[in-house]
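Take a look at the structure set out below.
The values are calculated or read from the model by the stated rules, or taken from the named source; none is laboratory data. The shown structure was predicted, so the numbers you read here are calculated from the model rather than taken from an experiment. Note: ideal-geometry Cβ built from the backbone for every residue, glycine included; neighbour counts use all protein chains shown.
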Amino acid sequence: MMTPHKAVRSSLANHAATGPAGDAELKQLRAAAWHKQGVLVVRLDDVRDDWDRLHLSNIATELYGQRKGGR
């Protein structure tokens, strides 16, 4: 029999993330990564051109391997 988890109280609770980021917040994080660190984060669904999308997908597959469970 499983018992429900009890909330753990901690002095770090005020610093913990409140939950998953929304689309707008994720877009802001991607923009900040680009401006501050030169890191490009692109969702394939955001790439409109089929050839560009395929090219980026091929680069990612070469660098990181085939996606698991993704499109």
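Scan the stretch 6-56 for residues that are surrounded by 10 or more Cβ atoms within 10 Å (Cβ to Cβ) and of a type in the set (Gly, Ala, Ser) and report the count. Number of matching residues: 4. Residues in the stretch 13-33 that are at pLDDT below 80, assigned to a loop (DSSP other than H, G, I, E, B) and on the phi < 0 side of the Ramachandran plot: ALA16, ALA17, THR18, PRO20.
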